[in-house]
1. Which residue pairs have Cβ atoms under 7 Å apart, sit 6 or more places apart or on different chains, and have a first residue in region 13-39 that is at negative phi and in a helix (DSSP H, G or I) and a second that is among the hydroxyl-bearing types (Ser, Thr, Tyr) and surrounded by 10 or more Cβ atoms within 10 Å (Cβ to Cβ)?
2. Can you find, within region 25-76, the residue that is farthest from ARG14 (Cα to Cα) among those that are polar (S, T, N, Q) and modelled with pLDDT under 90?
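The values are calculated or read from the model by the stated rules, or taken from the named source; none is laboratory data. Note that the structure is a prediction, hence the values are computed from the model and not measured. Backbone-built Cβ (ideal geometry, glycine too); neighbour counts: all protein chains shown.
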Amino acid sequence: KQNELSTFPQFQARNQYELYLVNRTADTDALHHLIQLAQNVEYFTIDTEADLHPKQSSLIQVEFISQHISTIILVE
């Protein structure tokens, strides 16, 4: 399945976005800002990327969709 998906062109965002990386070193002010954004968003997407090994960390991707500027959060 992965080989089939690799034939598609690279994703190009249609609108502007802000990117945040959330991990164990994330700043609490940034986290509070993201919580405020989440409370005001109407539409969102969630995606996960996991390794085949169950003890490995996975990446969680969250997008807050907006007409003006979207917010993309990568959670490690």
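1. Once the first residue is at negative phi and in a helix (DSSP H, G or I) and sits in region 13-39, its partners that are among the hydroxyl-bearing types (Ser, Thr, Tyr) and surrounded by 10 or more Cβ atoms within 10 Å (Cβ to Cβ) give ALA30/TYR20; LEU34/TYR20; LEU37/THR71.
2. Looking at residues that are polar (S, T, N, Q) and modelled with pLDDT under 90, I get GLN56.
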